[in-house]
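Contents: one structure, followed by commentary.
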Amino acid sequence: MFTRFFSTSRKVLTGSILAGIIVALLCGTLQFFLSYHKREVKFDTLIVDLRSYMESYFTDLKQSIDTLQPYTLNNCQDVSAELTSRAAFSLNVRAFLLVRDNIAFCSSATGPMNVPLQELIPKLDTRKRVDMELLAGTPMLPEKPAIAIWYQNPLVKSGGVFTSININLTPYMLYTARQDEFAGVAVIVGDLALSTSSGRLVHVNDLHETAIRSTTLNDLPLTINLYAKAWTTEEILFALFFGLICGIAAGTLSYYILTIRLHPGKEILMAIKRGQFYVVYQPVVDAKELKMQGVEVLMRWRHPVMGEIPPDAFINFAEAQKLIVPLTLHLFELIIRDAPLLQTVLPAGAKLGINIAPGHLHADSFKEDMRRFSESLPADHFQVVLEVTERDMINQLEATPLFEWLHREGFEIAIDDFGTGHSALIYLERFAMDYLKIDRGFVNAIGTETVTSPVLDAVLTLARRLNMVTVAEGVETPEQAAWLREHGVNYLQGYWISRPMPLEMFLKWQPDIAKNSE
């Protein structure tokens, strides 16, 4: 038997490790390519933004130059003042030069001049409608690169307007603001380039890196290159970390599921035997004076490997494995054990709210279990309230006489989570209920003016007409408490009052009435 146990355990452990590794690889790879795709989208967006920015700038510049083209027919003395003014108010323009017969005869910076344009910019082709060159510098700023751009005037022989502009109007300027997204940028005109990796002009062949994105402006011989690393350290580390977390989670979950499948029901029975279940108590106070009138008893499971297991998970599993009766009986034992101490802090007649599942309600031992539980509690001190969740299916033919018997035996019945299932009104019509517990979903809607709010009004009106006591669950804010009190709710329960507490904390707990009344 021990050999089989260890062999099975080894298989479970091996399978869980393999599942963890596979999930880690899949999740890590998926995360990496997701990050890579996001970077690709960023680069696509950035290159489009840069191109739009540059084309918008040169369109505005072209409009300014078009207004200067007629000045190529005038003398410099007549237009120099206007030329200088235009340059001063044009963004990033160093100088405008008027050209006629390939001679630059007027400058916005120096006034009249008589210099062949070929001496200034040897490679510039004035026969073209528009041409550009990169300059290592200009006479006024010899150490700072610039862009030279030529716009031809077709009405003047070998004439037009020549302009030098600062290089920082290019993507280089945007690079400083968005440098975390890429490694560099280069502006290329002809066979010369200016890149962020160098402060001087270089030949295109000296740009050793491969551009991750590249674009050329419409109607202008200017190209923009973006450079970035194919893989970033941050992306790789995050993908590894994400894959590791997913792998650990998947491996742990696989171990738990495989253990449960190989030993169906054994986990719960062993947990009962080893004392892994415990109870917590959540106070219920009257809405008017905010004095504690009882508690709802809730079961919790602290698994030695999985930690705290959600109640919905183990209760549903217990019902599926036909173990809800022993689990509920264990809950009764825990309450009976705590009852003498609870008696010291709860007033006589205090309500003990206990959830009861249909699987136990319809069990043959139910009546005897309830009698034994009631007789084991301190005499005439607690009022046991059995809470039946409205979502659970109850056999009407069996439940009606059972509820009548419970009332004769002195138990009270509450419909829990009212309004969250499919049969709320049917329950109220067919069964005699003492309490209506309003689901936290309705309470959370208070003040939001959603469609749920008028439904809550209708629920409270219905409860009053049926003479049912109302208990609001999930009260978390003073505003919710005030609204519920104003609308006649009898009892309040939720984090605003207190979270569910183990016995040791509950014995020391005192409601802060002054705070709650604010």
Among the listed pairs 123/157; 273/322; 437/508; 11/322, give every one whose C-alpha distance is greater than 21 Å.
437/508; 11/322
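Need the full-extension length gain, residue 11 to residue 158, defined as separation in residues times 0.36 nm minus the C-alpha distance. One decimal, nm. Numbers along the way, then the final one.
Numbers: separation 147, 0.36 × 147 = 52.92 nm, distance 8.80 nm.
That pair, residue 11 and residue 158, stretches by 44.1 nm at full extension.
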If we sort 326-338, 75-87 on the protection proxy, mean other Cβ atoms within 10 Å, highest first, what's the order?
326-338, 75-87
Return an integer: the convex hull volume of the alpha-carbon atoms of the stretch 1-137, in Å³ per residue.
171
What is the Å³ per residue value for the convex hull set by the Cα atoms of the stretch 182-229?
65
Cross-link partners among lysines for residue 38, C-alpha distance below 28 Å, same-chain residues fewer than 8 apart left out?
229
Output needed: percent of Cα pairs per 5 Å distance bin for the stretch 316-418, bins running from 0 to the one holding the longest distance.
2, 11, 23, 26, 20, 12, 5, 1, 0
Counting only heavy atoms of protein chains, what accessible area per residue, in Å², does the chain have with a probe of 1.4 Å?
53
In whole Å, what three semi-axes, largest first, describe the equivalent ellipsoid of the stretch 213-330 built from its Cα gyration tensor (square root of 5 times each eigenvalue)?
55, 25, 12
Taking N as the number of residues in the stretch 73-160, what is its Cα Rg relative to 2.2 N^0.38 Å?
1.03
For the chain, find the longest principal axis of its Cα atoms and tell me its angle to the long axis of helix 2-68, 0 to 90°, nearest 10.
30
Counting only residues 5 or more apart in sequence or on a different chain, those whose built amide H sits under 5 Å from that of residue 103 are 117
Please report the relative contact order for the stretch 185-291, taking Cα pairs under 8 Å with a sequence separation of at least 6, and give it as a percent rounded to a whole number.
16
Summed over the other residues with a beta carbon less than 10 angstrom from that of residue 224, with K and R at +1 and D and E at -1, the charge totals +2
Spin-label model distance (nm) - residue 38 vs residue 127, 7 Å beyond Cα toward Cβ
5.4
Could you work out the Rg to Rh ratio of the chain, with Rh taken as the Kirkwood radius (inverse of the mean 1/r over all Cα pairs)?
1.31
List 39, 10, 127, ordered by accessible area with a 1.4 Å probe, largest first
127, 10, 39
Taking a cut-off of 18 Å, what percent of all Cα-Cα pairs in the stretch 52-103 are separated by more than that?
33
Would you mind putting 267-278, 353-364 in packing order, based on average other-beta-carbon counts within 10 Å, highest first?
353-364, 267-278
Which whole-number percentage describes the relative contact order of the chain, with Cα contacts under 8 Å and a sequence gap of 6 or more?
11
To the nearest 10 degrees, the tilt of helix 76-88 (Cα long axis) against the first principal axis of the alpha carbons of the chain is 20
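The values are calculated or read from the model by the stated rules, or taken from the named source; none is laboratory data. Everything numeric here is computed off the predicted structure, so don't read it as measured data. Positions of Cβ are backbone-derived with ideal geometry, glycine not excepted, and every protein chain shown enters the neighbour counts. Just so you know, the surface numbers come from the protein's heavy atoms only, side chains and all, with ligands and any DNA or RNA stripped out. Shrake-Rupley method; radii C 1.70, N 1.55, O 1.52, S 1.80 Å.
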